[in-house]
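S.K.: This is the structure I have questions about; it appears just below.
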Amino acid sequence: MAIPQDRDIDAIKASLSEWMNSRPGVSDAEVTFLVNPEASGFSNETLVCDAVYTRDGQIRDSGIVVRKRPTDYAIFPAYDMSVQYRSMQNMAACGSVPVPEILWVEDTGEVLGEPFFIMDRLHGRVPSDNPPFFQEGWVFEATAEQQATLYNSSVDTLAAVARTDWKADGFDFVERPQYGGPGFAQQLGYQRYYADWAAEDRPKPLIDAALDWFDANDPSGSMPTELNWGDARPSNLMYGDDFKVMAVFDWEMADLGPGEVDLGWFLYMNRFLSEGAGISWLPGFADRAGTIARWEQATGRPAEHIDYFEAWGCLRFCIIMVAIVNMQVKYGTFPADFGAQYERVNPSTQMLAQYLGMPAPE
């Protein structure tokens with residue numbers, strides 16, 4: 001769920017309408033309806049809008065989606081909106097992965113208080129994390145054949161990201177040399193920095209021990225450096241009526257490393273939403289071995305060190321959850337002392353201990 005924000009809806013609609021009318025080639029823009037989806041996540045403020053406007057002489061009425069930098073608490077130490085929209089612009093240009101059209105970018109914060117970008121609104125279906133799509137909703141209610149189509153299309157999309165020629169297609173902007181590098185070494189350095197930032201000086205013995213383990217066992221030196229989507233899971237994908245992927249969202253965690261980073265995250269997140277929540281696996285979804293085999297077929301190469309990268313996905317999620325707990329404490333959803341208990345009470349840290357064969361946090 002997203003943290004509710006106090007908004008003057010009419011003022012936002014008016015500001016967006018006025019700003020859109022100032023864009024080159026745009027006239028008669030009017031935002032007529034606006035909603036903040038409850039399932040839009042923690043890392044963005046997302047506004048889904050009905051809008052009509054004329055662009056280059058053509059009337060467009062499919063609506064828009066506004067992605068805005070968080071106004072108050074952000075779950076990442078720095079929030080660069082450009083990583084998201086530039087990733088989608090580049091993907092649209094190279095055509096290997098379907099993404100929404102980026103219409104405009106406002107990077108001053110003068111219109112809505114924070115920078116934002118506007119995407120064309122697509123009309124498909126997105127699986128829900130809350131409640132988990134493994135438990136209820138349109139994916140749960142689909143036939144096993146439809147579920148298989150959705151799952152296989154999702155894995156194929158992960159592989160298409162990994163196959164992207166990130167150098168030729170201009171994705172060098174996702175590099176973060178201040179944390180190490182090149183490639184996966186930057187992810188190792190960044191996650192250690194992020195963990196310290198999120199912990200806010202609280203002890204985190206399991207996460208610290210896990211970070212040391214991943215540093216000591218890093219296998220990436222002999223692996224290719226590829227584009228990582230970063231948040232590879234069904235709830236960041238939109239599907240058409242044929243249950244195939246029609247759009248890929250949420251690129252704020254884009255990075256460089258072996259494609260197995262995305263595959264490991266995908267395996268872990270699906271396991272967390274099913275087994276981690278005591279929910280059965282869906283009958284149409286491939287098992288772990290089948291998922292890996294599908295990815296290998298789609299990338300044209302064997303998956304390497306997947307145990308490492310699945311556990312790496314678990315660690316990354318643990319650190320994100322520390323930041324989300326901080327947010328929930330701030331907004332009064334959790335008690336003030338909950339952050340100090342995080343490693344002991346959270347299922348993700350229990351799973352991390354299992355992955356690495358470490359004692360469960362106490």
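S.K.: Taking Cα atoms, how many degrees apart are the long axis of helix 9-21 and the longest axis of the chain, rounded to 10 and kept between 0 and 90?
M.R.: 70
S.K.: A further question follows. Counting only heavy atoms of protein chains, what accessible area per residue, in Å², does segment 54-190 have with a probe of 1.4 Å?
M.R.: In whole numbers, segment 54-190 has 44 Å² accessible per residue.
S.K.: Under 11 Å from the Cβ of A92, count the other residues' Cβ atoms, weight Lys and Arg +1, Asp and Glu -1, and hand me the total. Intermediate results must be reported in sequence, preceding the final value.
M.R.: On the way: positive: R86; negative: E101, D120, D169.
It works out to a net charge of -2.
S.K.: Sequence neighbours fewer than 8 away in the same chain don't count; with that in mind, list the aspartates and glutamates whose C-alpha is under 14 Å from K244.
M.R.: Within reach: E145, D156.
S.K.: I'd like the orientation of helix 205-216 relative to the chain: the angle between its Cα long axis and the longest Cα principal axis, in ° from 0 to 90, rounded to 10.
M.R.: 80
S.K.: Percent of accessible area on segment 236-362 owned by carbon and sulfur, 1.4 Å probe? Walk me through the intermediate numbers first.
M.R.: Working: 2530 of 4750 Å².
It is 53 percent, rounded to a whole number.
S.K.: As a test question: what accessible area, to the nearest 10 Å², does E18 have when a 1.4 Å probe is rolled over all protein chains in place?
M.R.: Taking all protein chains as shown, E18 has close to 140 Å².
S.K.: So how long is each side of segment 183-270 along the principal axes, counting just the alpha-carbon atoms, biggest first, in Å?
M.R.: Taking the Cα atoms of segment 183-270, the three principal extents are 47, 33, 20 Å.
S.K.: Okay, moving on. How big is segment 174-321 in terms of Cα radius of gyration and Dmax, in angstroms?
M.R.: 15.8, 49
S.K.: Whenever you get a sec, line up H123, H305 from highest to lowest accessible area (probe 1.4 Å, protein heavy atoms). Show your work: numbers first, answer last.
M.R.: On the way: H123 125, H305 90 Å².
Accessible-area ranking of H123, H305, largest first: H123, H305.
S.K.: Run the 1.4 Å probe and let me know the accessible area of Y331, rounded to the nearest 10 Å².
M.R.: Y331 has an accessible surface of roughly 80 Å² with all protein chains in place.
S.K.: What net charge do the residues around F243 carry, taking every other residue with its C-beta under 13 Å from that of F243, with Lys and Arg at +1 and Asp and Glu at -1?
M.R.: Values: positive: R125, K244; negative: E141, E145, D156, D241, D242.
With Lys, Arg at +1 and Asp, Glu at -1, the net is -3.
S.K.: What's the whole-number percent of alpha carbon pairs in segment 109-192 lying beyond 14 angstrom? Each step should come with its number before you reach the end.
M.R.: On the way: 2766 of 3486 pairs.
For segment 109-192, the fraction of Cα-Cα distances above 14 Å is 79 percent.
S.K.: Right, another one. Against the longest alpha carbon principal axis of the chain, how many degrees, from 0 to 90 and to the nearest 10, is the axis of helix 260-273 turned?
M.R.: Long axis of 260-273 versus the principal axis of the chain: about 90 degrees.
S.K.: Would you check the accessible area of C49, probe 1.4 Å, heavy atoms only, in square angstrom rounded to 10?
M.R.: C49 has an accessible surface of roughly 0 Å² with all protein chains in place.
S.K.: Then there's this: Rg and Dmax in Å for segment 21-133, alpha carbons only: what are they?
M.R.: Spelled out, the Cα radius of gyration and Dmax of segment 21-133 are 14.7, 43 Å.
S.K.: For the chain, with a Gaussian network of springs between Cα atoms less than 10 Å apart, report the residue from L282, L315, L227 with the top mean-square fluctuation.
M.R.: It is L282.
S.K.: List the aspartates and glutamates whose alpha-carbon lies under 13 Å from that of K68, not counting same-chain residues fewer than 8 positions away?
M.R.: Result set, ordered by chain and number: E45, D80, E106, D107, E110, E114, D250, E252.
S.K.: Any chance you could check the Cα centroid distance between segment 216-288 and segment 51-129 for me, in angstrom?
M.R.: Comparing the Cα centres of segment 216-288 and segment 51-129, I get a distance of 22 Å.
The values are calculated or read from the model by the stated rules, or taken from the named source; none is laboratory data. It should be emphasised that the depicted structure is a prediction, and the values quoted were computed from it without experimental measurement. Virtual Cβ from ideal backbone geometry, glycine too; neighbours counted across all protein chains shown. Heads up: the accessible areas ignore ligands, DNA and RNA and are worked out on the full protein's heavy atoms, side chains in. Shrake-Rupley method; radii C 1.70, N 1.55, O 1.52, S 1.80 Å.
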